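Derivation of every value follows stated rules applied to the coordinates shown; laboratory data play no part. These figures come from a predicted structure and were not determined experimentally. Virtual Cβ from ideal backbone geometry, glycine too; neighbours counted across all protein chains shown.
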Amino acid sequence: MKKILITGGAGFIGSHVVRLFVNKYPDYHIVNLDKLTYAGNLENLKDVQNASNYEFVKGDIVDGDFIMSLFEEQRFDGVIHLAAESHVDRSILNPMAFVETNVLGTVNLLNAFKAHGDHENGLFYHVSTDEVYGELDDEGFFTESTPYSPNSPYSASKASSDHFVRAYHATYGTPVKISNCSNNYGSHQFPEKLIPLFINNIKHLKSLPVYGEGTNVRDWLWVEDHARAIDVIYHNGVLGETYNIGGNNEWKNIDLIHLLCKLMDQKLDRPEGDSAQLITFVKDRSGHDFRYAIDSSKLMNELDWVPSLQFEEGLSKTIDWYLQNEEWLENVTSGSYQSYYQEMYAGRS
Ligand code: NAD
Ligand code: DAU
């Protein structure tokens, strides 16, 4: 039985990847390693927690000794590395946490995989972001050969981790693959990111803090399509290669927000235009990248992957999930979330 470590499996994307692998591959033993930071939540995995091919380990990838002994004990065949500090705004407030988890943590995992993993026939799959490429103006797309040009402490830390993964492949022959994905949306996303934060605020009739003029553009992908891409790349991608993953689904923030407001009005039985009145333009994010757009043709042509959901349908399903999982939302927005919100947004308006 192959033993695969998934790091960050209690987070947003990680929980979808764990669910897919546990259900689709009964012959794999899946170990989910997660520190359970504010973003990690075992509630996200209730439906697989008792599966016979699933195991949870609580631990910190920054702790090199712990990681080395875990790998010595478990002898993983493969690693899918998602654990990270993932929110750009938090990286502006506290860059060091991003250096520690995203850079040091990744190097700890690479070292442990080299020492005790299946370095001959296994795989170290690193999950990364399109933000490493920097920003685009109105034209063009990121391809796998776009030069790295990160602008935020978050994207700089992810770019650095990507470089370490590539360097281990070149220097030590570590079998690696990397993917760089655009903005994900869907169920179980922590409400610090645009879509769940705005769903929660609309629900509670709180203002919707739009950064700058709302003209920045993002390419949105349904999280389960990202998980499917990871599956395809893990199994069929070429060693040492990078794959871009995107939804071919660009939205100006303000247009997306108006669509979200319209859907929320319908679902909450509020008069049309009610939620849009909550829109408030606030001080922009420092270093705010203007536009991301991904060319995923390598993944589509070589590995036969295509996004499955239209955005309006995916957004509607996402809203339904948050409205049906009130307790989840209440739990993650109580306590430290309140002080985070105050620190992040009080000085903006
Ligand atoms: P998330 O913040 O929702 O989850 C991160 C998970 O990592 C949490 O469960 C957290 O507890 C865990 N974690 C954090 N620090 C840890 C540590 N030191 N040791 C062990 N576990 C730790 O993040 P996400 O949005 O699910 O992103 C997952 C990965 O995908 C990240 O590497 C991110 O850079 C990348 N990514 C995210 C997006 C997106 O739109 N969210 C897009 C492209 C790539
Ligand atoms: O592109 C992939 C990246 O997408 C991932 O690597 C990151 O982990 C993920 O957080 C995401 O980064 P963004 O910064 O693009 O996502 P966020 O949801 O924070 O913001 C989306 C857009 O909305 C961005 O232009 C900033 C804007 N925004 C965001 C928030 C939280 C607002 O206008 N107001 C807000 O309150």
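Details
- Residue-averaged [θ]222 nm for the chain, counting only DSSP H segments that reach four residues, each worth -39500 (n - 2.57): -12500 deg cm²/dmol
- Under a 5 Å amide H cut-off, with hydrogens placed 1.01 Å from N, residue 6 pairs with 31, 32, 33, 80 among residues at least 5 apart or on other chains.
- Oblate is the label for region 289-349, because a/c, from the alpha-carbon gyration tensor with a ≥ b ≥ c as root eigenvalues, is 1.5 or above and a/b does not exceed b/c.
- Trypsin sites (Lys or Arg not before Pro) restricted to region 244-320 and DSSP loop, no more than 13 other C-beta within 10 Å: 283
- Virtual spin-label span in nm between residue 272 and residue 50, 7 Å along Cα→Cβ: 4.8
- A simple spin-label model places pseudo-atoms 7 Å from Cα toward Cβ; at residue 255 and residue 236 they are separated by 3.1 nm.
- For the pair residue 343 and residue 1, the difference between a 0.36 nm per residue extended length and the Cα-Cα distance amounts to 118.4 nm.
- Legend: calculated FRET efficiency, residue 139 to residue 69, from the Cβ-Cβ distance at R0 = 41 Å, rounded to 0.05, equals 0.25.
- Cβ-derived FRET efficiency at R0 41 Å, residue 96 paired with residue 206, nearest 0.05: 0.85
- Most mobile listed residue (271, 26, 150) in the chain, GNM with C-alpha springs under 10 Å: 271
- In the structure shown, the pairs 2/298; 3/24; 58/158; 193/298; 267/317; 35/317 are assessed against 19 Å; a Cα-Cα span above that value is assigned to 2/298; 58/158; 193/298; 35/317.
- Summing +1 for each Lys or Arg and -1 for each Asp or Glu among the other residues whose beta-carbon sits under 13 angstrom from that of residue 65 gives -4.
- Relative contact order computed over the chain (Cα-Cα under 8 Å; 6+ residues apart), in percent: 17
- Relative contact order for region 216-349, counting Cα pairs under 8 Å that sit 6 or more residues apart, in percent: 34
- For region 177-208 and region 117-139, distance of Cα centres in Å: 21
- Measuring nothing but alpha carbons in the chain and taking Rh as the Kirkwood radius, the Rg to Rh ratio lands at 0.95.
- Rounded to whole numbers, the Karplus 3J(HN,Hα) couplings from phi for region 207-222 are 5, 9, x, 8, 6, x, 9, x, 9, 5, 10, 10, 9, 9, 10, 4 Hz, using 6.51 cos²θ - 1.76 cosθ + 1.60 with θ = phi - 60°, and x at Gly and Pro.
- Our summary gives region 144-219 a relative contact order of 17 percent, counting only alpha carbon pairs under 8 angstrom and 6 or more residues apart.
- Taking amide H as placed 1.01 Å from N in the peptide plane, residue 208 has its amide H under 5 Å from the amide H of 279, 280, each at least 5 places away in sequence or on another chain.
- Debye intensity ratio in log₁₀ form over the Cα atoms of region 218-297, taken at each q of 0.18 Å⁻¹: -0.91
- For the chain, the longest principal axis of the alpha carbon atoms and the long axis of helix 194-203 meet at an angle near 40°.
- Couplings 3J(HN,Hα) of region 21-30, computed from phi: 5, 5, 6, 7, 10, x, 7, 9, 9, 9 Hz, in residue order, whole Hz [Karplus 6.51 cos²θ - 1.76 cosθ + 1.60, θ = phi - 60°; x for Gly and Pro].
- Protection proxy ranking, peptides 3-10, 203-210, average beta carbon neighbours within 10 Å, highest first: 3-10, 203-210
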